Each structure stands twice: as C-alpha cells, then as structure tokens.
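The structure appears right after this line, and notes come after that.
The values are calculated or read from the model by the stated rules, or taken from the named source; none is laboratory data. It should be emphasised that the depicted structure is a prediction, and the values quoted were computed from it without experimental measurement. Cβ coordinates were reconstructed from backbone atoms using ideal geometry, including for glycine residues, and neighbour counts include every protein chain displayed. When the accessible area is computed, the model is the full protein with side chains, heavy atoms only, and any ligands, DNA or RNA have been set aside. Shrake-Rupley method; radii C 1.70, N 1.55, O 1.52, S 1.80 Å.
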Amino acid sequence: AGNMNNRLDKSAAFDKAYRIFSVILVAIFAFLFTFPLYWIITGSFKNGQEINSATPVWFPSEWVTNNYEKLMNERSVPLFELNLGSVTVTGPIIPAAIKWLINTVMMAAVSMVITCITSAMAGYVLAKKRFYGKTLLFGLIVCAMALPKQVVLIPLVRLMSDMELYDTLWA
C-alpha cells in the first residue's frame, strides 16, 4: 500500500509540474504573439521623436493623436468613381484612409472566397476522382505552395500590366 501511495504522489507531482510548465509556455507564446500588436498600437500614439528613437521606447511618454489626425485629414478621395461613357459619377468625398481600409477589406474578402472555392474544387477532384497525372498535378500544387511569394511577384506584375489591370482594384 505504501508503494502505491508513493507512485500516486509522484504522478500527482508530475501532473502539477507539467501544468505549471504548460501555463508558463503558453504565457510566453501569448506574449510573443501579442507583442507586435502592442508595438503597433502604442507606436501609433508616440510622437515622431519616440518613433524614430535609436533605443526602443516601450511606452509613450505622452499620448498624441497627431498621427491619426494626419492620417484622416491629409488626403481626401471620392468613395467611388464610375465612368459611364462621357459621364463620370463620383461618390462622396471621404478621408483616403477610409478608402484604403475599404479596399483592403474587399481584397481580403474576395481573395478568401476565391481561394476557398478553388481549393474546395481542387481538393474534391484530387480526393475523389481518378485520372491520369493526378499525382503529378498534386505534386505541382504542393511545389507551388512552397514557392516564396517574391518568386512569382515580377511575373504577376507583368501579367497585370499586360492585361491593363496594373494599379487597379481588379488586379
């Protein structure tokens, strides 16, 4: 009976040490993952001298909103522009930052939907159908995912330029 209690005590101590180690490890990873967000948010409230300081300023000495005022007041653009032949219809004038935010959300949403649809179709075909060259096609897809984005950037820019879509939202 004494030997059994000794084993249970060691097991309970091991479980407790494992839980403490796990909590510490999760706390470290949580800090590492949230620190860039903290740095961006506090950086947006720092003055120019603190932002460009050679030594990091961890917390703004004086919270300033000048950066947001500059962002919202420096440039204005129409919300939309429609070219209907010889007539151009423009929307209300808004801060450019709002337009940039709308463009970013639209690009992210559209690319997410397109990626989900094409991935689901390709995944279905590769999983359920049998055809000649299936393994080669799967290998090409995996290799394409392994390529860094910088490798395809120049050909993609040239393609968009040839299609006259360069510097448009459609690109």
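General observations
- Highest to lowest packing among 78-88, 96-106, scored as the average C-beta count within 10 Å: 96-106, 78-88
- Rounded to the nearest 20, the Cβ-based charge dipole of the range 1-150 about its Cα centre (Lys and Arg +1, Asp and Glu -1) stands at 940 debye.
- Rounded to the nearest 10 degrees, the angle from helix 96-128 to the longest Cα principal axis of the chain is 60 degrees.
- Gain on full extension, evaluated as 0.36 nm per residue between Asn83 and Ile114 minus their Cα-Cα distance, stands at 8.5 nm.
- Annotated for the chain: lysine pairs at least 8 residues apart or interchain, Cα distance under 30 Å, count 7.
- Cα long-axis angle, helix 134-146 against the chain (0 to 90 degrees, to the nearest 10): 90
- Its residue count N sets the reference 2.2 N^0.38 Å, and the alpha-carbon radius of gyration of the range 128-171 equals 1.62 times that reference.
- Potential lengthening between Lys128 and Tyr166 on full extension [0.36 nm per residue; Cα-Cα distance subtracted]: 9.9 nm
- The chain - accessible surface per residue (Å², probe 1.4 Å): 86
- Gyration tensor (Cα) of the range 23-171, equivalent ellipsoid semi-axes in angstrom: 39, 30, 15
- Taking the protein heavy atoms of the range 69-159 in the context of the full set of protein chains, the accessible area attributed to carbon and sulfur is 72 percent at 1.4 Å.
- When only Cα pairs below 8 angstrom with a gap of at least 6 residues are kept, the chain shows a relative contact order of 10 percent.
- Computed from Cα positions, the angle between helix 2-44 and the longest principal axis of the chain comes to roughly 20 degrees.
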